[in-house]
Amino acid sequence: MSTAKAVLVTGASTGIGYHCAKALQKDGYRVIASCRKLPDVSRLQAEGLTCIQLDVADSGSIHRAVEETLRLCDGRLYGLFNNGAYGQPGAVEDLTRDTLRRQFETNLFGWAELTNALLPSMIDNGEGRVVQNSSVLGFAAMPFRGAYNSSKFALEGLTDTLRLELKGTGVEVSLIEPGPILSDFRKNALTALKSNVDTQNSRHKEKYDAAIQRLNKEGPVQRFTLGPEAVYKRLKHALESKRPKPRYYVTFPTYLMAYLKRVLSTRRMDKILSKVAS
C-alpha cells in the first residue's frame, strides 16, 4: 500500500481542479481526480491521473464515487478538495425555482452529501482535510449573480458549522475564497445564462447583452486575474499546515472586499459592489 496521502479533487476536467490535481500528483500526493463527463475522465486517465466519474448533482453518482474512492485509497482518504461548481448568472427576478435548485444541487447539496459520505473514514483514521473552494462572492454579493452568491453564502455557513462540529476529530476544514482566476468559469456561466434566463424579454435586457459580450471574450477581462496556481498555493497550505487557516483569500479583490466589508456601512458597500459589477 502506498504511503502517499490520498486526496480527492472534484471538478478536475479544467481550470482550478485540473491544475490542482496535476500539481498535487507532481508533489507526491496520491490523487484521485473526478470529472462529471466520461470523455474528460478518459482524457485525464490518458494523462496519467487516476480519475473517476462523479456528478455532484446526482446522489447515485456520489455514492458510486465514494465507494470507488475508498477502494482506490484502501479506506484512507486524507484530503477532499470540493471544487466542481458553476456560476448561474441572472437577476434574481429572472431566476426560476428550478434554476435556483440546480445551482444549489451542484454548488452546495452535492458537496455536503459527498463530504458527509467520506467523513466517517477520515474520523476513523483520526486525520483528514476538507477544503471547500468558495469565492469572494461567498461574502460579498454582487448584482446579477444571485444564484451563485446565495449558493456560496450558504456554503460558507455550512462549512463554518462543520469546522466547529469536527473539533477534536483530527479533521480540519478550510475555505478558499478566490477572486478572478483564469478558468472556463465564464464560458460555463454564459451557457447557463443562455439556457436558463429569458434575457431578451427581461427588463434587464441591455445589461444582459453587455454581460453576454463580456462573457464571450477570451482571456482575462478583469484586473488582478491570477492563474490557478494561486489557488493551489492555498490548497497545499490547507493540506499540509498543522494549523490550517479557516479561510484563505487568493486575489487582490478578495483581500480588498474583505477589508471594505469590515470597515464600511452596508449602504456604502452596496455602492461599491454595484459599481464594480457594472
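Side notes on the structure shown:
- Against the list (1) in contact with a strand residue (DSSP E or B) (Cβ under 6 Å, 6 or more places away or on another chain); (2) free of Cβ contacts under 8 Å to residues at least 40 places away in the same chain; (3) buried (at least 18 other Cβ atoms within 10 Å of the Cβ), the condition D40 fails is (1).
- Selection from the stretch 64-87 of residues that are part of a loop (DSSP other than H, G, I, E, B), more than 13 Å from the chain's Cα centre (by Cα) and within 26 Å of Y232 (Cβ to Cβ): C73, D74, R76
- For K207, the stated conditions hold: it is assigned to a helix (DSSP H, G or I), among the charged types (D, E, K, R) and in contact with a Phe, Trp or Tyr (Cβ under 8 Å, 6 or more places away or on another chain).
- Test: residue in the stretch 192-201 that is assigned to a loop (DSSP other than H, G, I, E, B) and closer than 30 Å to R97 by Cβ: yes
- V7 vs. criteria free of Cβ contacts under 8 Å to residues at least 40 places away in the same chain and under 24 Å from K236 (Cα atoms): no
- Test: P246 is in contact (Cβ under 8 Å) with a residue 12 or more places away in the chain and buried (at least 17 other Cβ atoms within 10 Å of the Cβ): no
- Any hit, the stretch 14-30, residues being outside any loop (DSSP other than H, G, I, E, B), modelled with pLDDT of 95 or more and more than 19 Å from P228 (Cβ to Cβ): yes
- Taken as a whole, the stretch 215-230 holds at least one residue that is in a helix (DSSP H, G or I), in contact with a helix residue (DSSP H, G or I) (Cβ under 9 Å, 6 or more places away or on another chain) and over 30 Å from A6 (Cβ atoms).
- Single residue of the stretch 160-176 satisfying the filter (assigned to a helix (DSSP H, G or I) and of a type outside the set (S, T, N, Q)) that is surrounded by the fewest Cβ atoms within 10 Å (Cβ to Cβ): L164
- Meets criteria (over 17 Å from S121 (Cβ atoms) and buried (at least 18 other Cβ atoms within 10 Å of the Cβ)) for L80: no
The values are calculated or read from the model by the stated rules, or taken from the named source; none is laboratory data. Treat the numbers as computed from the prediction; the structure is a model and nothing was measured. Positions of Cβ are backbone-derived with ideal geometry, glycine not excepted, and every protein chain shown enters the neighbour counts.
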